[in-house]
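Q: Here's a structure for you.
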Amino acid sequence: MHSLLAVPRRTYILSGLNAHRRLSCLHIRSLIPLVRLASTKVTVRQNATLSSPSTTAKSWVEHVPAKIRPYLYLTRIDKPIGTLLLFYPCTWSITMASYALQTPWTTPLTYISLFGIGALVMRGAGCTINDMWDRKLDKAVERTKERPLARGDISTTQAVGFLGLQLGAGLAVLTQLNCYSILLGASSLSLVTIYPFMKRVTYWPQAVLGLTFNWGALLGWSAVAGSVNWSVALPLYAGGVCWTLVYDSIYAHQDKTDDVQVGIRSTALLFGEHTRPILSALSVSSMSLITYAGYLNAQGPLFYAGTGLAALQLARVLARTDFDNRPSCWAGFVGCGWSGFWIWMGALADYGFMISGVSF
């Protein structure tokens, strides 16, 4: 007690303040790891929001030889949704034509197999052409800078050679069809070529993609029948184009911020805050046109059940998609593919019951 009283009052106060400061410093230092951890979690969360799940998930392509890998990534073979979106209009048309002509089951099976191979090959060729057009742009965008051409994994010369192989394979499939179909199929190559350039000159590149991706709605019918029944195939084709505008506009919302920076145009930027009502109207148009094509083709109840499920799926996608969230847009884009699947299942069930002799 005496020793404490012997210390001058000023010295005692200063020593107390110093002790308090030391404790404060220790307290702050102890919080630094927690702050850093919280900051890391925020950064990870932000990155998860801004990146598409398709760019972060590991693919089976990683297990193939390294020399082949860039070419597989160039075709987007690890993302089959693009191939399916090209394939489904072909299946609608093949199955509906087979129903109209009452062909044996081997006919749709043969042509669906051929068109499945063709869709895989030509979707890959379209991706190659797109990446050759966009090589410089892809380098400037976070989501696409890891594409093989943008990263320099393969050269433009190698990509051109690979494109030649893809187009050759596509031609081999096309030559299995009748002459009418060969000419009709070849006429779509101009659309395949110009599509990647359209996003530089118009806000409607999704419409050009729709014209391209739904060509199978015409070609499938001609493959089965030897010519096109335009009264049925045209509304089917138009419905497919509207469907493409829906799913590719959702897809384009993933990149709208980057697109503004690099000068790319899209319906996502054009529609803006009005995207949901516009895509809803396009969905109604799509399902109405496809249903009308079924009516003109005298389809049965199962076909309409399929289009009904397709309409419900599109409504579900549009209700749930957050157009400012990349993972949500990707999920919505993939979800739209299921609507194409249900249309095919309805047409296929109708055809199956027709050839089995069962009527409703």
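Q: Which of the residues that make up the stretch 78-117 are free of Cβ contacts under 8 Å to residues at least 12 places away in the same chain and either of a type in the set (G, A, S) or surrounded by 19 or more Cβ atoms within 10 Å (Cβ to Cβ) (or both)?
A: S113
Q: Sticking with this structure for a sec: For the stretch 312-356, which positions are farther than 13 Å from Y247 by Cβ, assigned to a helix (DSSP H, G or I) and not hydrophobic (A, V, I, L, M, F, W, C)?
A: R316, R320, R326, P327, S328, G346, D350, Y351, G352, S356
Q: Let me ask another. Which of the residues spanning the stretch 248-283 are more than 17 Å from the chain's Cα centre (by Cα), among the small types (G, A, S) and either under 27 Å from L218 (Cβ atoms) or in a helix (DSSP H, G or I) (or both)?
A: Answer for the stretch 248-283, where residues must be more than 17 Å from the chain's Cα centre (by Cα), among the small types (G, A, S) and either under 27 Å from L218 (Cβ atoms) or in a helix (DSSP H, G or I) (or both): G272, S280, A281.
Q: Tell me yes or no: at least one residue of the stretch 118-131 is at positive phi and open to solvent by 40 Å² or more (accessible area, probe 1.4 Å).
A: no
Q: Let me ask something else. Contact list please: Cβ distance under 6 Å, first residue in the stretch 261-279 and under 15 Å from C242 (Cβ atoms), second residue modelled with pLDDT of 95 or more and of a type in the set (A, V, I, L, M), pairs at least six apart or on different chains.
A: F271/I278; L279/V246; L279/L318
Q: L302: in a helix (DSSP H, G or I) and under 23 Å from A100 (Cβ atoms), yes or no?
A: So L302 passes the test.
Q: So if I check each of V61, V121, which one is more than 20 Å from S188 (Cβ to Cβ), aliphatic (A, V, I, L, M) and assigned to a helix (DSSP H, G or I)?
A: V61
Q: Taking L245, is it assigned to a helix (DSSP H, G or I), within 21 Å of S181 (Cα to Cα) and either aliphatic (A, V, I, L, M) or in contact with a Leu (Cβ under 8 Å, 6 or more places away or on another chain) (or both)? Please lay out each step first, then the result.
A: Working: assigned to a helix (DSSP H, G or I): yes; within 21 Å of S181 (Cα to Cα): no; either aliphatic (A, V, I, L, M) or in contact with a Leu (Cβ under 8 Å, 6 or more places away or on another chain) (or both): yes.
No; evaluated as a whole, the condition is false for this residue.
Q: Give the residue, chosen from A233, A298, A310, that is closer than 15 Å to T95 by Cα and open to solvent by less than 10 Å² (accessible area, probe 1.4 Å).
A: Testing whether each residue is closer than 15 Å to T95 by Cα and open to solvent by less than 10 Å² (accessible area, probe 1.4 Å) leaves just A233.
Q: Can you tell which of A252, A238, A217 is more than 27 Å from L109 (Cβ to Cβ) and touching a Pro at 6+ places or on another chain (Cβ under 9 Å)?
A: Going through A252, A238, A217 in turn, the sole match is A252.
Q: Let me ask something additional. Which ones in the stretch 242-278 are open to solvent by less than 10 Å² (accessible area, probe 1.4 Å) and either under 30 Å from Y99 (Cβ atoms) or of a type in the set (S, T, Y) (or both)?
A: Matches in the stretch 242-278: W243, T244, V246, Y247, S249, S266, T267, T275.
The values are calculated or read from the model by the stated rules, or taken from the named source; none is laboratory data. In this text, all values refer to a predicted model and were calculated from it rather than measured experimentally. Please note: Cβ atoms are built from the backbone with ideal geometry, for glycine as well, and neighbour counts cover all protein chains shown. Ligands, DNA and RNA are excluded from the accessible area calculation, which covers all protein heavy atoms including side chains. Shrake-Rupley method; radii C 1.70, N 1.55, O 1.52, S 1.80 Å.
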